[in-house]
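The values are calculated or read from the model by the stated rules, or taken from the named source; none is laboratory data. Keep in mind the model is a prediction, meaning the values are calculated, not measured. Reconstructed Cβ throughout: ideal geometry from the backbone, glycine too, with neighbour counts over all protein chains shown.
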Amino acid sequence: MKIAYDITTFQRYECDFEKLSELDLAHINPSEEKHHIEMFLLPDGTVNTIIEEMDFERSIKIPHQVLPNDIPGVKRTEIIGNTINMYDINGKRLGTQQVEMPRQQQLVAQIREMSAQFSDKELAQAFATMQGRILAQNFEKMIDDAEAKGQVIEHGEQYVTMRINSSEIDPRSKGSIVLLMDKSINKMAGFAVYDENENLNFCTYYGYDREGAPVLSAIRTEQLILLPSGA
């Protein structure tokens, strides 16, 4: 099975820039990037991935001088099995790294089981929208289980808000995670992560294309970062 998509990433910063040092400012340069990603799931559960940097139509021009850099940048990254290969714009290999990539054998088994029930077109739509009969049932069961555990803090007509202790996911973690679920499309609308003192660390929102089946079209993340000065 092959999944391919393009992703554009914008990185912006909000702060009182006039109070920051030059070193702080050097750590928060805005950026715009675009990548084409292809993922291949093989019958044995191996996932191969190709990530290629694409030309961006509107590059950011930062008005300051930088030191010359003759190190070639990575244009294409290939993850084949447990090997990562990186290439420059001319196709020359820049480096190789070995990693341990788990095989998705359970996913292969689920796809084979679904293939006996649905057509290729229905399967493609299910994976594109990350929903379907099976996932919709899991969504409802997740909400029911959360209500039984007392984790639901608000249950409206369209949205369900639940709070989960971080230790339930990782025993070493403290704080909590707040999830916002959209029942109208059986999807997560966003989540926020708080530390043990109820300080917000970061939050993420998900946007969906509402024409036809709801397909994930945008992700926005807001996160606090610590600069060298401590700001």
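Before moving on, here are some points about what is shown:
- Only one of the numbered conditions (1) assigned to a loop (DSSP other than H, G, I, E, B); (2) touching a Phe, Trp or Tyr at 6+ places or on another chain (Cβ under 9 Å); (3) of a type outside the set (Lys, Arg); (4) over 30 Å from Ser21 (Cα atoms) is violated by Ile177, and that is (1).
- Only one entry of Ser217, Ser167 meets the criterion of being of a type in the set (Gly, Ala, Ser) and assigned to a helix (DSSP H, G or I), and that entry is Ser167.
- Number of residues in segment 75-96 that are assigned to a loop (DSSP other than H, G, I, E, B) and exposed (fewer than 15 other Cβ atoms within 10 Å of the Cβ) equals 7.
- Segment 176-231, residues that are among the hydroxyl-bearing types (Ser, Thr, Tyr) and free of Cβ contacts under 8 Å to residues at least 40 places away in the same chain: Ser176, Ser184, Tyr194, Thr204, Tyr205, Tyr206, Tyr208, Ser217, Thr221
- Cβ-Cβ contacts under 7 Å between residues 6 or more apart (or on different chains), taken from a first residue in segment 130-157 that is more than 26 Å from Ile111 (Cβ to Cβ) to a second residue that is at pLDDT 85 or above and of a type outside the set (Val, Ile, Thr), are listed as Ala146/Met162; Gln151/Met162; Gln151/Arg163; Val152/Ala146; Val152/Met162; Ile153/Met162; Ile153/Arg163.
- With respect to (1) of a type in the set (S, T, N, Q); (2) touching a residue at least 40 places away in the same chain (Cβ under 8 Å); (3) within 29 Å of Ile225 (Cβ to Cβ), the lone exception for Thr49 is condition (2).
A quick yes/no check of all residues on (1) at positive phi; (2) modelled with pLDDT of 75 or more; (3) within 21 Å of the chain's Cα centre (by Cα):
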residue: Ala126; (1), (2), (3): no, no, yes
residue: Leu135; (1), (2), (3): no, no, yes
residue: Asp145; (1), (2), (3): no, yes, no
residue: Ile153; (1), (2), (3): no, yes, no
residue: Gln158; (1), (2), (3): no, yes, no
residue: Met162; (1), (2), (3): no, yes, yes
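- Qualifying residue in segment 186-208 (condition: outside any strand (DSSP E or B), modelled with pLDDT under 85 and surrounded by 15 or more Cβ atoms within 10 Å (Cβ to Cβ)): yes
- Within segment 1-13, residues that are more than 30 Å from Pro43 (Cα to Cα) and at pLDDT 90 or above sit with their Cβ atoms under 6 Å from residues that are assigned to a strand (DSSP E or B) and of a type in the set (Ser, Thr, Tyr), at 6+ positions apart or across chains, in these pairs: Gln11/Ser31.
- Restricting Val193, Val215 to residues that are under 22 Å from Ile3 (Cβ atoms) and in the same structural domain as Ile164 (by TED's automatic domain parsing) narrows the list to Val215.
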